[in-house]
Structure formats: C-alpha cells, structure tokens
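**Q** Once you've had a glance at the structure underneath, I'll fire off some questions.
Taken together, the values in this text are just the output of simple stated rules run on the coordinates, not laboratory data. Computed from a predicted model, the values in this text were never measured in an experiment. Here the Cβ positions follow ideal geometry from the backbone for every residue, glycine too, while neighbour counts run over all protein chains shown.
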Amino acid sequence: MTRELIEQINKLKKEKHAIILAHCYQNPEIDEAADYVGDSLGLSKLAARTDAEIIIFAGVYFMAETAKILSPDKKVLLPNIKSGCNMADMIDLRLVREFKAKNPNIPLVCYVNSTAEVKAECDVCCTSANAVEVVKSLNAKKVLFAPDCYLGNWVQKNLPETEIISYPGYCPTHLRISPDDIRQAKEKYKDGIVLIHPECRPEVIEMGDFIGSTTQIFNYVKNTNYKTYIICTEKGVADRLERDYPNKQFILANQRIVCHNMKQNSLFDILNALKNEEFEVTVEPEIARRALNSINKMIQIKSSRVLLHG
Ligand code: 13P
Ligand code: SF4
C-alpha cells in the first residue's frame, strides 16, 4: 500500500511540478516521498530557492508560512491543516507587542517557531541551528528573545556578555525530557553519548555531550564513531538514525518525546494535497513583506550544514 501511495505521489509531483519538503520530526515513511528532509533552517533555505510551482510542506503550519513568505509566487500546501505548533501558539501579535513595550529599544530575535505576524514584529529571525550566531551578529548589550525561553537560555549560556531577556514560551514535547531520564539511560548505557536539542530545559542541557538542532545532531552521529547515542529530541530523529546507521545504537531518552502536531501528516494527506491542491497557506502581503525582511537577515548569516539528504 505504501509503495502504491508513493508511486502515485511521485507521478502527480512530476505532473504538477511540485516538491515535497519534510521536517525530520515527520513520520519516517514520509521521507520516501520527500525531495528534501531537514531541519527548519535547511528547509527554509530550500523553499527560498526552489523553482517548483507547488511546495508541499510536510511539517507544521509556521514552516509552511515561512515557505510562503520566502516564495510568494509559489502555491504552498500543508497536507494536514491541523499541524500546528504549541510553542508558536504561545505568542501572538498583542503579546509580542506587550513584550517589546515592556523592554523598549532592545532588538528582538524571534525563533522561526512563531506566526508570520510575530516574525513581522522582530528585527531578525533565528532557528535552533543558528540562534547563537544570529544573536551574536547583533553586537548588542541586551537582546529580547521569543518565544522559546529555553533556546534563549542556551543562547545566554553561549554569550555571557549579552543579556538575553526571554519571553516565557516553550516546547511541551522537549519539556517532557528530564534529568532523571538521562541518568537512567546513562546507568544502563554507560558509554552512551548524550545528544540534546536546545529546546530542552537548562538542567537537561547541562547533561549533554553535544547540543544542536536536529540536523546538527544527525551530522554529529555521521561524523563520530561511538557505539551508543542517547537521543534527547523528538522521536523522528531517533527513528531516522536507527534506519540510517544500523551498526550504531540509539536510545530515545523516554518514549513520550513525540510531537503530535508533527505526526499529523500522512502519505494519504500528501497525496490528497497534490490531487486537490489543499490546504493552501497564505500570508497577508504587508505582514509577509515585514516578516521576509526578518527571515532574509537570518538566511544571510552563515551557519553549519542543515540538510539530512536531498
Ligand atoms: P529544528 O528544525 O530547528 O531542529 O527545530 C525543531 C523544532 O522544534 C521544529 O519545530
Ligand atoms: Fe512545536 Fe515543539 Fe512540535 Fe517543534 S516539537 S513543532 S516546537 S511543539
């Protein structure tokens, strides 16, 4: 059945001159239909330079919105319209304006996990792969950071000279990882290398051997020769690592690190998106213009490789 679905998707993709971009938290079978799999930064860069007419974004709403802002002439489709992001929902236009008003004359860096309206209010965007470089590039004494206070915390740890004032948002998926999970995994797998996404809490991050975005975690595994890795990010990363590195062992810190928003998209939804050209994501032109400015500033900042394959 899966094979049949993929064949139908590939046929329609060619006919309609479409590409499929997939985030590495998606259900792994989606990779078989995807043209590119990667993290938020890598996929944004691809959305900006593709010449396809239709972009199917197998990810969450803010990612499709970012793709639309970067490629306004393309049709951008989100296969399942219910794929939101709990962190992005924690801040809206009113709240970001209040945050700025409480802390006047300080530049605002906004994590891409936010709506277009919020991006339009900030000075520059960042992803988990480049947050430290982006804040550093501002050369400012104080920086506002929204919406993820834990990513803000990670930036603060790396840039002690800058005062980071974080908005109190967070990712509920990464919050489910505790220091006890890592302690227990380490008791069982003494030589396990602990790989952590910077959306985790500071007491978890303290226990990491390597901290990075999803693709940076993949690259770390690719470039090292340890036997066992303890994975502290969404399950999709551990699933892909197990598939791609059968001679290495991957231990997910606990079985609850699943982003149910990311898992909404199925191969059926992708086929439906191609057939019926739904669900189209649009952004109001004035908001898109201002958000594009913040996203473009981020894209111009050099950072490490951010695609798994493609
Ligand atoms: P990255 O793609 O930057 O690793 O972010 C993870 C995430 O939570 C996306 O929603
Ligand atoms: Fe949002 Fe967290 Fe899911 Fe990423 S993992 S899409 S930040 S809820």
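**Q** Mind jotting down the distance between the C-alpha centroids of the stretch 216-242 and the stretch 81-145, whole Å?
**A** Cα centroid of the stretch 81-145 versus Cα centroid of the stretch 216-242: 28 Å apart.
**Q** Next question, about the same structure. To check my understanding: the extent here is largest minus smallest coordinate of the Cα atoms along each principal axis. What are those three numbers for the stretch 142-201, in Å, largest first?
**A** That gives 42, 25, 13 Å along the principal axes, largest extent first.
**Q** Another one. Working out 0.36 nm times the residue gap between Tyr189 and Asn296, then minus their Cα-Cα distance, what length gain in nm do you get to one decimal?
**A** 34.3 nm
**Q** Among Asn139, Cys149, Cys122, pick out the residue whose Cα is farthest towards the positive end of the charge dipole of the stretch 56-180, where Lys and Arg carry +1 and Asp and Glu carry -1 on C-beta, about the Cα centre.
**A** Sorting the options by dipole projection puts first Cys122.
**Q** Counting other C-beta atoms within 10 Å, and keeping those with at most 10, which DSSP coil trypsin sites (Lys or Arg not before Pro) do you find in the stretch 113-174?
**A** Lys141
**Q** Further question: Provide the gained length on full extension for the span Leu138 to Thr224, in nm with one decimal, where the gain is 0.36 nm per separating residue minus the Cα-Cα distance.
**A** Extending this stretch completely gives an extra 27.7 nm.
**Q** Which percent, nearest 5, of DSSP beta bridges in the chain are antiparallel?
**A** About 10 percent, rounded to the nearest 5.
**Q** Using the Cα atoms of the stretch 80-185, I'd like the radius of gyration and the largest Cα-Cα distance, Dmax, both in angstrom.
**A** Cα radius of gyration and Dmax of the stretch 80-185 are 14.3, 45 Å respectively.
**Q** Using only the Cα atoms of the stretch 150-251, each taken as one equal point scatterer with no solvent, compute I(q) by the Debye sum, divide by I(0), and report log10 of the ratio at q = 0.22 Å⁻¹.
**A** -1.17
**Q** Among Lys13/Lys119; Lys45/Lys157; Lys141/Lys235, which pairs are too far apart, with a Cα-Cα distance over 29 Å?
**A** Lys13/Lys119; Lys141/Lys235
**Q** Taking the chain on its own, what percent of its Cα-Cα pair distances exceed 34 Å?
**A** 20
**Q** Within the stretch 254-293, list the residues whose amide N lies under 13 Å from a label point set 7 Å along Cα→Cβ of Glu242.
**A** Only 254-257 pass the distance filter.
**Q** Follow-up. With viscosity set to 0.692 mPa s and temperature to 37 °C, compute the Stokes-Einstein D of the stretch 219-310, Rh being the Kirkwood radius across alpha carbon pairs; µm²/s, no decimals.
**A** Calculated translational D: 193 µm²/s.
**Q** Please identify every one of the GluC sites (Glu not before Pro) in the stretch 178-261 that sits in a loop by DSSP and has no more than 16 other beta carbons within 10 Å of its own beta carbon.
**A** Answer in residue order: Glu206.
**Q** What percent of all Cα-Cα pairs in the stretch 1-123 falls in each 5 Å bin, counting up from 0?
**A** Pairs per bin, as whole percents: 2, 11, 19, 21, 17, 12, 8, 5, 3, 2, 1, 0.
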